[in-house]
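Each remark here refers to the structure printed beneath this line.
Read-outs: derived from the displayed coordinates by stated rules, not from any lab. Just so it is clear, the model here is predicted, and its values are computed rather than measured. Every residue, glycine among them, receives a Cβ derived from its backbone with ideal geometry; neighbour counts consider all protein chains shown.
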Amino acid sequence: MQRVPLQLVAWIGRQDLDGAAHDPATGPIVDFLRAHPATKALLLSDWPKDAASVYRDKLRRAAGTEIEIHPVKLSDPTDYLGIFQAADAALSRLVAHTNVNEIAIHTSPGTSAMAAVWILLAKTTYAGATLFKSWIDKSGKSHLAEVEIPFDLTLDVLPEIAARRGALLEPAEPQLPATNAFDALIHRSAAMAAVIRDARRAALYPNPVLILGESGTGKELVARAMHAASLRAGKPWSAMNCAAIPRELLDSELFGHARGAFTGAVTDRPGRFEACDGGTLFLDEVGDMPPETQVRLLRVLQEGEIQRVGETKTRTVDVRVIAATNRDLVAAVRDGRFRDDLFYRLAVLVLRLPPLRGRHEDIFPLMRHFLAVLNDRAAAIPGAERKHLSPEARKFAESYPWPGNVRELENTLARIFALTSGDTIRREHLEAYVIPTDTANTGTLPLAARGKFSLRAELETVERRLIEQALRESGGVKERAAKLLGLASRQALSHRMRRLGIGS
């Protein structure tokens, strides 16, 4: 079957009816059809039948296009329900014809409510059905421009609305003290919202906290926010990476030392615990702590007491410990590499940070934040250019697994800012400046080995396999299959099946 290059869908507006009286005819629709020949125009009309018929005939002669009028009865120009039902039916009819290659939605004709509904439908229900373009008639001067709608309602808006709605439906919870401590944790995903909710509650208690998560997920940011939201806010805070300190110096760094305790100990020196008395100590990569230090840490958690290296004197400290690791501590306990009694002392309150690939909705907000920071820095650098993100680059970023998580995302953008020219970050920049890593533990594909690799094709293969599996498990009942896949409706599943060439 021959592919149809373009079809137009629009409402008939007042400018179109009035413009048809001129010779040659004017108006947004006829201007579009003259500039972009379409094989067919499907026009919605709430005008009197006679007026619409006259307009249809004049438009056919002026544009040489097949015109189909769908009469609609609206109660008023802002009858959103009527507008939605009519527009949905029109788009559904066009999409159902599998030979349609491209649909242009003309957003200028009609009311602002009609334009809003077009965008809502194109960005939600029919987002994956076919290739949509939106057009606008700028300033009424017949100058047409293609418009890129720079947001995706299904990713940028609806999850946040759903989360708020869900929060309203949950039982009322005790009011937590107002704090902006967690504002630095940029997120939109439900997964991170749940972590932050738990962290806000846990912050008010003195118990130790264990934060689990891959490198680069923001464990220290969460710990800092918990300290700032706790009753210890304003008291000392210290962060230490246990893996970065030589094991022979780790005890001294944590607990301090007496003069002469070892070569180079020329004075008495307090450790991190004494320095943080009354406050919070964040121990990152606690899974790398050697066994002898684990014993001393356990005593602090049990008794609130320390001994400096080379001393017998006991000192009392009041320090809340927040520990973090990217290791599997349960496996380390099982293998004897980490003390089980220390594990249970640390894991009183446990937070699990999801990897960035598990919080897809957060990628673009994070990129927007990092770009703002980098653009501010660029203002002070001679010759540096402000940059913005292209739609194609955003799509790539949202489909890339980011094995290094938020840290990798931030560093990649910083690399692009420093090493590329121009004001636009394009897809090829991201592809060139992400650093391939060993994927044995991440299950991701290295871009360095792409060759004939196609990310789009691979994603479509996964999507096709999941849809086929859902259809098998549901006995071919699309309503049930759509529910298994988390899709909004049977129609949404049907659109994806058509796009992927899956038989109904």
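Residues whose amide H comes within less than 5 Å of that of Thr424, counting only those at least five positions distant or on another chain, are His388 (H built at 1.01 Å from N in the peptide plane).
Based on alpha carbons, the Rg and Dmax found for region 457-500 are 9.5, 27 Å.
What FRET efficiency comes out for Glu392 versus Leu466 if R0 is 41 angstrom and r is the Cβ-Cβ distance? Round to the nearest 0.05. Write down the numbers at each step before the final one.
Values: r = 25 Å, r/R0 = 0.60.
The computed FRET efficiency comes out at 0.95.
Spacing of the modelled spin labels on Glu102 and Leu221, each 7 Å from Cα toward Cβ, amounts to 3.9 nm. Label-to-label distance for Leu204 and Lys313 is 3.9 nm, based on points extended 7 Å past Cα in the beta-carbon direction. How far is the Cα center of region 362-388 from the Cα center of region 75-89, in Å? A separation of 41 Å, based on Cα centres.
Scanning residues 5 or more positions from Trp11 or on other chains, those with amide H under 5 Å from its amide H are Leu44, with H placed 1.01 Å from N in the peptide plane.
Could you give the C-alpha radius of gyration of region 245-377 expressed as a fraction of 2.2 N^0.38 Å, taking N as the number of residues it contains? Please report the intermediate quantities before stating the final value.
Details: Rg = 18.7 Å, N = 133, 2.2 N^0.38 = 14.1 Å.
Taking N as the residue count of region 245-377, the ratio is 1.32.
Site pair Glu385 and Val348 shows an inter-label distance of 5.5 nm when each label is modelled 7 Å from Cα along Cα→Cβ.
Would you kindly state how much longer the chain becomes between Ala372 and Ser399 on full extension, computed as 0.36 nm times their sequence separation minus their alpha carbon distance, in nm to one decimal? It would help to have the intermediate numbers written out before the result.
Working: separation 27, 0.36 × 27 = 9.72 nm, distance 2.18 nm.
Computed gain between Ala372 and Ser399 is 7.5 nm.
Among 182-195, 326-339, sorting by the average number of other beta carbon atoms lying within 10 angstrom of each residue, highest first, gives 182-195, 326-339.
Ranked by the mean number of other Cβ atoms within 10 Å per residue, highest first, peptides 375-387, 350-362 order as 350-362, 375-387.
Provide the gained length on full extension for the span Thr78 to Ser53, in nm with one decimal, where the gain is 0.36 nm per separating residue minus the Cα-Cα distance.
Numbers: separation 25, 0.36 × 25 = 9.00 nm, distance 2.37 nm.
Full-extension gain reported as 6.6 nm.
Is there a quick way to get the dipole size of region 184-354? I mean about its Cα centre, with the Cβ of Lys and Arg at +1 and of Asp and Glu at -1; what is the value in debye to the nearest 20? The partial results should precede the final answer.
Values: 24 positive and 21 negative charges, 109 e Å.
Its charge dipole is roughly 520 debye.
In terms of the Cα gyration tensor, with a ≥ b ≥ c the square roots of its eigenvalues, is region 50-95 rounded because a/c is under 1.5, prolate because a/b exceeds b/c, or oblate? The shape class here is oblate. If you look at the Cα atoms of region 358-449, you get an Rg and a Dmax of 13.2, 42 Å.
Starting from the Cα coordinates of region 330-406, work out the convex hull volume and express it per residue in Å³.
Working: hull volume 12.5 nm³, N = 77.
Enclosed volume per residue, from the Cα hull, is 162 Å³.
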